[in-house]
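Trainee: The structure is given below, and queries will be raised subsequently.
The values are calculated or read from the model by the stated rules, or taken from the named source; none is laboratory data. These numbers were taken from a predicted model, which means no experiment stands behind them. Counting neighbours? That spans all protein chains shown, and the Cβs are built from the backbone with ideal geometry, glycine included.
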Amino acid sequence: MKLTLDPGAAALLDTLHAAGYAAYAVGGCVRDSLLGRTAHDWDLCTSALPQQVMELFGTEQCIPTGLQHGTVTIKYGGQLYETTTFRTEGSYTDGRHPDAVQFVPDVREDLARRDFTINAMAYNAAEGLVDPFGGQKDLQNGLLRAVGEPQQRFTEDALRILRLYRFAARFGFALDAATARAARQLAPHLDCISAERIQEELAKLLAAPQPGAYLEPAVLAVVLPELTPAALEAAKPVLDACPAGEENLPVRWAALLGALGEADTRRVLKRLRCSNACIEETAVLVRETAGEGVCGSFLLGHESGHSIARPTACGSRVPPQRTVLGETPAHAPERASDIHLRQLLGRYGLRTVERLCALCAALHPQNAPDCALAAQRARQLEADGVCCRVSQLAVNGRDLMAAGIPAGPALRRVLETLLDGVIRAEYPNEKPALLAAAQKMIAS
Ligand code: ATP
Ligand code: MG
């Protein structure tokens, strides 16, 4: 068994070996290499004590990340390598942290404290794969299995229950029956885990390609008690149809929590200590897709050239085309969907509009082609620099003041009304037309 080591990791292992210590790449990087995936970080483990690691590599090259747990981070070639002394963990009294760790000379003892067989393998070039719990076989069979007795392992650290579903979801693996049984049974113990840790694990689970099947009701009942079992079941296929990856987390959160409405979605995400950016983005997605919302209006997407004097499915009536100046505009009539898309682009920006389209497609699969068209159209509008924001108007506040409109909040309202008129194609985005429209507004 030969794996290609990251060059930095290989160099650090060589240095440790040359100094007489045992040392291996361990955990996620070994698992990912065996899966043929790119490992994102290379963790090392060694018989050297933290102090010995610091002496060997020098204090400038080392960050004392968690000396009492045996972890030193080594800087090498612009990368960071977490290097942990072989250790066992003592008893757990809080269901989360070992009361004490003990450094040990044998890598196998270190592997025995790890959570799942696929995470409990070590590798170096001289010895090859060290795999005492059959991790490689479980990887081949696509199976998540606890190292040792699952009941005991989940009782020691309840976070492992969430990690189980997270790793299984990431790789699309099945769960070993005894491991799954213990996880379901001990799920109530998740109540001793901090909100931050729960959120981190849930986020990783939600970012998986198809997380639906891995959202175990017994687990969700503890970590998201706000969500009814029926709402969870309804959300699963929607989640699976949403785009995956960390960058799409707000879409996934909105798909999971949408049934709660905007206010409760915010409350839940705040309780879980999500970032404000994530909360705001998710709230927008939930709000705009509530009821028929945005999703309905996207359906008007490809009916190009129709009269704009028709109600959108959102219920807002688009006024018939007219010109302030009483002239026929030289520019083309706007499509109702363009009006709504431009308003959304102005309010939220392209990234959010794309996410809205993705969520709508997941919520209403029969409309997915229209949603894809809407996203494409939004990208086109943005690329063409079509006016969607006050800052893109051919006049600014100074122009309006020069034309005699007083400064103050009224000025902002005039600009916003002008933008609305431009988006609705009531007049072109040209200075004379906008100034005339502004004068008319002030006069009326
Ligand atoms: P990822 O790619 O998500 O980082 P990873 O396998 O590196 O996956 P980490 O959470 O970074 O996962 O943990 C590194 C390793 O430490 C794991 O592979 C596992 O061997 C061990 N480990 C981490 N957390 C636990 C835990 N709660 N209980 C037991 N072992 C754990
Ligand atoms: Mg890791």
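Trainee: Within the range 16-35, how many residues turn out to be closer than 20 Å to Leu80 by Cβ, within 16 Å of ligand 2 (Cβ to nearest atom) and not in a loop (DSSP other than H, G, I, E, B)?
Mentor: 9
Trainee: Assess whether Ala120 counts as being closer than 25 Å to Ala174 by Cα, within 13 Å of ligand 1 (Cβ to nearest atom), more than 30 Å from the chain's Cα centre (by Cα) and not basic (Lys, Arg).
Mentor: Criteria not met by Ala120.
Trainee: So, one more: Which of (1) modelled with pLDDT under 50; (2) of a type in the set (Lys, Arg); (3) within 24 Å of the chain's Cα centre (by Cα) is the odd one out, the single condition Arg347 does not satisfy?
Mentor: That leaves (1) as the condition not met.
Trainee: Could I ask something else about it? Taking the criterion of being among the β-branched types (Val, Ile, Thr), at pLDDT 95 or above, closer than 21 Å to Leu356 by Cβ and within 14 Å of the chain's Cα centre (by Cα), would at least one residue in the range 271-279 satisfy it?
Mentor: Yes: one or more hits.
Trainee: Going by what's in this entry, would Leu129 be described as at pLDDT 95 or above and assigned to a helix (DSSP H, G or I)?
Mentor: Judged against the criteria, Leu129 is not a match.
Trainee: Here's another thing I want to ask about it. Run Phe103 past the list (1) closer than 30 Å to Arg145 by Cβ; (2) modelled with pLDDT under 95; (3) away from ligand 1 (no atom under 15 Å from the Cβ) and report the number of the one that doesn't hold.
Mentor: The single condition Phe103 does not satisfy is (2).
Trainee: While we're on this one: In this structure, does Leu190 turn out to be in contact with a strand residue (DSSP E or B) (Cβ under 8 Å, 6 or more places away or on another chain), under 20 Å from Val147 (Cβ atoms) and either at pLDDT 95 or above or not aliphatic (A, V, I, L, M) (or both)?
Mentor: no
Trainee: Of the residues that sit in the range 81-100 and are assigned to a strand (DSSP E or B) and in contact (Cβ under 8 Å) with a residue 40 or more places away in the chain, which one is farthest from Leu13 (Cα to Cα)?
Mentor: In this case the residue turns out to be Tyr92.
Trainee: While we're looking at this one, here's another question. Confirm whether Asp338 is of a type in the set (D, E, K, R), modelled with pLDDT of 70 or more and either under 30 Å from Ala438 (Cβ atoms) or assigned to a loop (DSSP other than H, G, I, E, B) (or both).
Mentor: When the stated conditions are applied, Asp338 passes them.
Trainee: Provide a single number: the residues in the range 41-55 that are in contact with a strand residue (DSSP E or B) (Cβ under 8 Å, 6 or more places away or on another chain), more than 27 Å from Lys137 (Cβ to Cβ) and outside any loop (DSSP other than H, G, I, E, B).
Mentor: Selection size over the range 41-55: 3.
Trainee: For the range 56-80: of the residues being assigned to a helix (DSSP H, G or I) and in contact with a strand residue (DSSP E or B) (Cβ under 7 Å, 6 or more places away or on another chain), which is modelled with the lowest pLDDT?
Mentor: Per the criteria, the residue is His69.
Trainee: If you don't mind, another one. If Ala218 satisfies all but one of (1) surrounded by fewer than 16 Cβ atoms within 10 Å (Cβ to Cβ); (2) of a type outside the set (Ser, Thr, Tyr); (3) closer than 20 Å to Leu359 by Cα, what's the number of the condition it fails?
Mentor: Result: Ala218 passes all but (3).
Trainee: Another one. Condition first: in a helix (DSSP H, G or I) and farther than 11 Å from Asp157 by Cα. Now tell me which residues in the range 188-199 satisfy that.
Mentor: Of everything in the range 188-199, those that are in a helix (DSSP H, G or I) and farther than 11 Å from Asp157 by Cα turn out to be Pro188, Asp191, Ala195, Glu196, Arg197, Ile198, Gln199.
Trainee: Can I ask one more? Give just the number: which of (1) touching a residue at least 60 places away in the same chain (Cβ under 8 Å); (2) surrounded by fewer than 20 Cβ atoms within 10 Å (Cβ to Cβ) does Gly397 not satisfy?
Mentor: All conditions pass for Gly397, except number (1).
Trainee: Another question about this same structure. Cβ-Cβ distance below 6 Å, separation of 6 or more or different chains: which pairs start in the range 31-44 with a residue that is without any contact (Cβ under 8 Å) to a residue 60 or more places away in the chain and end on one that is more than 7 Å from ligand 1 (Cβ to nearest atom) and assigned to a loop (DSSP other than H, G, I, E, B)?
Mentor: Asp32/Ala39; Trp42/Asp6
Trainee: Looking for whichever is more than 9 Å from ligand 1 (Cβ to nearest atom), touching a residue at least 40 places away in the same chain (Cβ under 8 Å) and within 35 Å of the chain's Cα centre (by Cα) here; the options are Leu12, Leu49. Which one fits?
Mentor: Answer to the selection: Leu12.
Trainee: Looking at Cys62, Cys29, can you tell me which residue is more than 16 Å from ligand 1 (Cβ to nearest atom) and either crowded, with 20+ Cβ neighbours inside 10 Å or of a type outside the set (Gly, Ala, Ser) (or both)?
Mentor: Cys62
Trainee: For the structure I just gave you, tell me whether Thr38 is within 16 Å of ligand 2 (Cβ to nearest atom), loosely packed, with under 14 Cβ neighbours inside 10 Å, part of a loop (DSSP other than H, G, I, E, B) and polar (S, T, N, Q).
Mentor: yes
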